[in-house]
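Engineer: Pasting a structure below so you can have a look.
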Amino acid sequence: MNEDQLLKAATSAVYESISKSMSNDYNGPIKIAVNAVLSRHLSKIESIVESAFIGLVNSDGFKESIHSALQDKLARSLVAKMGGELESKVNELKANPETRARITIAIAECIKSI
């Protein structure tokens, strides 16, 4: 193992150790040290997160995404609630011979125009 590989392995091991120690309940020395550093810099981290959050919320892309997602959810919800009623109407129309004849003629005309 050369020096570069050793350095990469050590870096990877430290990163993995920190990740594992932060995700389990064991209060080892690395977790305690990382938590101490985090707590000393908590206000700065909060400031960075708040700035990023405010920037995101105020961006046009975020507003458009939220608007689009709400419209989609609302439309799906309304269709789901009206689904039974729509299905009932479609079945009613399909049962009516006059309506079926009109639909058949309309489809035939569409096919002819292609």
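Engineer: Return the sequence-ordered ³J(HN,Hα) values of the range 107-114 in whole Hz as given by the Karplus equation 6.51 cos²θ - 1.76 cosθ + 1.60 applied to θ = phi - 60°, using x for Gly and Pro.
Structural biologist: Those phi angles translate into 5, 4, 5, 4, 5, 4, 6, 7 Hz.
Engineer: Roughly how many debye, to the nearest 20, is the charge dipole of the chain about its Cα centre, given +1 on each Lys and Arg Cβ, -1 on each Asp and Glu Cβ, and no other charges?
Structural biologist: For this selection, approximately 300 debye.
Engineer: Can you work out ³J(HN,Hα) from phi for every residue in the range 73-78, in order, using Karplus 6.51 cos²θ - 1.76 cosθ + 1.60 and θ = phi - 60°, giving whole Hz and x for Gly and Pro?
Structural biologist: So the Karplus estimates, Gly and Pro as x, are 5, 5, 4, 4, 5, 5 Hz.
Engineer: Give me the angle, in degrees from 0 to 90, between the Cα long axis of helix 42-58 and the longest principal axis of the Cα atoms of the chain, rounded to the nearest 10.
Structural biologist: For helix 42-58, the angle is close to 20 degrees.
Engineer: Continuing with this model, one more query. Suppose the chain between Val14 and Ser59 were pulled fully straight at 0.36 nm per residue; how much longer would it get relative to their current alpha carbon spacing?
Structural biologist: Result: 12.5 nm gained on full extension.
Engineer: Need the list of lysines near Lys89 for cross-linking: C-alpha distance under 20 angstrom, and skip anything on the same chain fewer than eight residues off.
Structural biologist: Partners found: Lys81.
Engineer: Here are several values of Cα Rg over 2.2 N^0.38 Å: (i) 2.81; (ii) 2.32; (iii) 1.03. Which one was derived from the coordinates shown?
Structural biologist: For Cα Rg over 2.2 N^0.38 Å, the calculated option is (ii).
Engineer: OK, next. By a straight-distance test (C-alpha under 14 Å), which aspartates and glutamates pair with Lys8 as possible cross-link partners, with residues fewer than eight away in the same chain excluded?
Structural biologist: Of all the aspartates and glutamates, those that pass the test against Lys8 - Cα under 14 Å, at least 8 places apart if same chain - are Glu16.
Engineer: If R0 is 25 Å, what FRET efficiency do you get for Ala69 and Leu93 from their C-beta distance, rounded to 0.05?
Structural biologist: Between Ala69 and Leu93 the formula returns 0.15.
Here, each number is a calculation from the coordinates, and none is a lab measurement. Keep in mind that what you see is a predicted model, and the values were worked out from it rather than measured. So basically every Cβ, Gly included, is an ideal-geometry build from the backbone, and we count neighbours across all protein chains shown.
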